[in-house]
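Visitor: Below you will find the structure I want to go over with you.
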Amino acid sequence: MQYNLKLNLFTFLLLLILSLQCQKTFEMPERIINPPINVITYPTNQGIIVKFYGNNIEEGFSGYNVYVSDKSGIKNQSISPIKNNYGGLPTLPYGAYGCYPDASQQSFVTVKTDSFNSPISNGKKYYVTVTAYILVNDKEYESDHSNESEIIPLNEGEAEIFNHKISGKTNDGIVFNSNKTVIITNAPDTIVSGWGGDFVFELNDFNGEILPCIVIKSNQTYIQDLGYYNNINEVDEIPQSGYLAPDIIMPVIESHLYILYKPAFNQYIRIYVISAPQSQSSDLSDVSLKIKWAF
């Protein structure tokens, strides 16, 4: 009986050794990493603003990788994430400004190149996804890709426009051309619908109060006031209806975002009021309107 016990033990050890020799690698269980959610992109001049929510408290969490391509279906493409300002990964490192892995607020980053290291071009459609990036014992892990967001970066610029009510005043009107160039122009003292510009800036009397106004007489320019925004790129979606037709005299308010619609070119132009004068004692006050535009 003792002999049989020894034989069984020997056989068990032999089988165990053979089994270990055949198993060349030990498979570690997959890491479960929460992917970013609700990725939203915003246009900026030759760049893309990427905003999303993360929920990443995993061991080794190091930040977020951003992928940008001019073709949809990024998760099925063999492309690299965009490198950060130091030439490494992740695109948005943990601890950097804009990285909030606890979901307390949106994480955000602005990218100026795509995943092929080509500069972002205005007027071109791009697709964007984000992954969470983990580094444990010098081994890299990534979450699944987020939802895919599409975006077209816009031309942007700033302008200062002066009070058209002052006869002979220069730079009191603006023209947005179909080729996406912008001209600050000298409008004629008498504005008619065919004068060639989109709007002028004037001081006008509203119920006994002299207020800054956008005046539109062009029969090819419509307008809508979207209200207060923090910046020109904050609006998620441009409305397709609700525009006022000329002739229009509309008071302008600082930090309001206005949309000009030009149906002849199917253009929607964002006008963000950087600064506007307060009410004035005279409509001939020498004041100006400062705007940012994007289209």
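Visitor: For the chain, find the longest principal axis of its Cα atoms and tell me its angle to the long axis of helix 2-22, 0 to 90°, nearest 10.
Guide: Approximately 30 degrees, to the nearest ten.
Visitor: Please compare each pair in K262/K290; K112/K169; K83/K262 to a cut-off of 28 Å on the Cα-Cα distance and tell me which ones are over it.
Guide: Values: K262/K290 21 Å; K112/K169 39 Å; K83/K262 39 Å.
Going by Cα-Cα distance, K112/K169; K83/K262 fall outside the 28 Å limit.
Visitor: Another question about this same structure. Which of the GluC sites (Glu not before Pro) across the range 174-279 are loop residues per DSSP, with 12 or fewer other Cβ within 10 Å? It would help to have the intermediate numbers written out before the result.
Guide: Numbers: sites: E202, E209, E234, E237, E254; in loops: E234, E237, E254.
For GluC sites (Glu not before Pro) across the range 174-279 that sit outside H, G, I, E and B with at most 12 neighbouring Cβ atoms in 10 Å, the list reads E237.
Visitor: If we count other beta carbons within 10 Å of each Cβ, what is the order of V235, V200, V39, fewest first?
Guide: On the way: V235 16, V200 25, V39 21.
The fewest-first ordering by Cβ neighbours comes to V235, V39, V200.
Visitor: Also: For K51, which aspartates and glutamates qualify as cross-link partners when the Cα separation must be under 13 Å and same-chain residues fewer than eight apart are set aside?
Guide: Leaving aside aspartates and glutamates fewer than 8 places away in the same chain, those within reach of K51 are E148, E150, E234, D236.
Each reported figure results from applying straightforward, stated rules to the coordinates on display, with no laboratory input. Source: prediction; values computed, not measured. FYI the Cβ positions are ideal-geometry reconstructions off the backbone, even for glycines, and counts take in every protein chain you see.
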